[in-house]
Amino acid sequence: MKTLRLSDDANGIKIAAEIIKSGGVVAIPTETVYGLAANAYDEKAVNKIFIAKGRPQDNPLIVHTCNLGMTREIVEDFSEDAEKLAQNFWPGPLTIILKRSEKIPSSVSAGLDTVAVRMPSNEVARKLIEVSGLPLAAPSANTSGSPSPTSADHVLKDLDGKIDAIIISDDCTVGVESTVVTLAVSPYRILRPGFVTFEEIAEILPETVVDKAVLQELKNDEKAASPGMKYKHYSPKAEVYLVEGEKEAFRDFVNQKENSVAICFEEDLDNLKIKAISYGGANDTKKQARTIFGVLRKVDEMGIKTVYVHAPKKEGIGLAVYNRLIRAAAFKVISL
Ligand code: TXA
Ligand code: MG
């Protein structure tokens, strides 16, 4: 099929809404990453998302809404604690998991009795939901397994010809996918770290914990709380190693390597003899988040075989970046 390029103005959004209402799939900008959207009430339309991405059927989708009324329609009970999170972090990069209402087809949630819901802050996404009047099921708009798309260009590289349309808009400002927190278990649990940090959530709901799969590989017999966590993820074709250590140790380590590239901090650049790409300052976790997926894609375009990434710190937004990188590295971590 031919993938229609739409503008991100009122006219483009109107056409996108018509495509959505008639059961099509459209790639849309959000503040986190580009999403591949379809009418969440339409099982057939949702199925097209799984096919276009090559996504395993047992990996559930996030449903995007633009107000609390619409949100209440898709969950069984929007609890008081959910309300607290919404007040503090919506619209924005936080996804909340609650019991699913029967209105949402079970395939959206891959058969689970819960549903993931998020109210994005990106204006184009919000207007599209408003104009179509529908909640939108949308995973990241990449081929399953490849780095998430933070620009329209990334989406087209993966999905051109496989989706009905794309809204061409600005690059994503956050750069990593939303924080996922489940309120459907006790204690509440962060399943995927993101721009809204564990520390911020724990301030409002102190009984929240971080799922161990955020930083550790699950054993074969362990069940993932979030099915997405069990898949190989964000993986460029290059072999990636995550390297933990101070500036000097990192320099000495990578400078011995041949035919490799370093993905490093701004501060590392001066000291490295091998080819190096910065993904932000050591303490600038916002920039690291915004840049990392683009850098991983670039490494593949350069045809590089082996990559050593200087590991970010594991707190705040750094935890989100670390979580994506350890998956890109298939859990290969070198501690210096
Ligand atoms: O920022 C984002 O969240 C982006 C934009 C487009 O909104 N979307 C996104 O979707 O990252 P996706 O499908 O790539 O990631 C959704 C994650 C997966 O790891 C999935 O397993 C988990 O959320 N998830 C969705 N529904 C769930 C549920 N009911 N229970 C547990 N995990 C769930
Ligand atoms: Mg994804």
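The values are calculated or read from the model by the stated rules, or taken from the named source; none is laboratory data. Everything quoted here is computed from the prediction, not taken from an experiment. No Cβ is skipped: glycine too gets one built from the backbone with ideal geometry, and neighbour counts run over all protein chains shown.
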Which listed residue, of Ile204, Ile163, is over 18 Å from the mean Cα position of the chain (by Cα), within 16 Å of ligand 2 (Cβ to nearest atom) and assigned by TED's automatic domain parsing to the domain that holds Ser109: Ile163
Single condition Pro93 does not satisfy, out of (1) within 12 Å of ligand 1 (Cβ to nearest atom); (2) closer than 16 Å to Pro135 by Cα: (2)
Residue among Glu130, Glu199, Glu123 that alone is of a type outside the set (Gly, Ala, Ser) and over 25 Å from Lys287 (Cβ atoms): Glu130
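Quick grid of which residues meet (1) in contact with a helix residue (DSSP H, G or I) (Cβ under 6 Å, 6 or more places away or on another chain); (2) more than 16 Å from ligand 2 (Cβ to nearest atom):
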site	(1), (2)
Leu6	yes, yes
Ile13	yes, yes
Tyr34	yes, no
Asp42	no, yes
Pro60	yes, no
Any hit, the range 234-247, residues being more than 16 Å from ligand 2 (Cβ to nearest atom) and part of a helix (DSSP H, G or I): yes
Ser178 being of a type in the set (S, T, N, Q) and within 14 Å of ligand 2 (Cβ to nearest atom): yes
Restricting the range 104-154 to residues that are within 16 Å of ligand 2 (Cβ to nearest atom), part of a loop (DSSP other than H, G, I, E, B) and of a type in the set (Gly, Ala, Ser), the residue that is nearest to Ala224 (Cα to Cα): Ala110
Residue list for the range 202-247, restricted to those being away from ligand 1 (no atom under 16 Å from the Cβ) and within 21 Å of Ile97 (Cα to Cα): Ala202, Glu203, Ile204, Leu205, Pro206, Glu207
Number of the condition not met by Gly54 [criteria: (1) over 27 Å from Lys223 (Cβ atoms); (2) within 22 Å of the chain's Cα centre (by Cα)]: (1)
Residue ID - nearest to ligand 1 (Cβ to nearest atom), chosen from residues in the range 137-164 that are of a type in the set (A, V, I, L, M) and closer than 15 Å to Phe50 by Cβ: Ala138
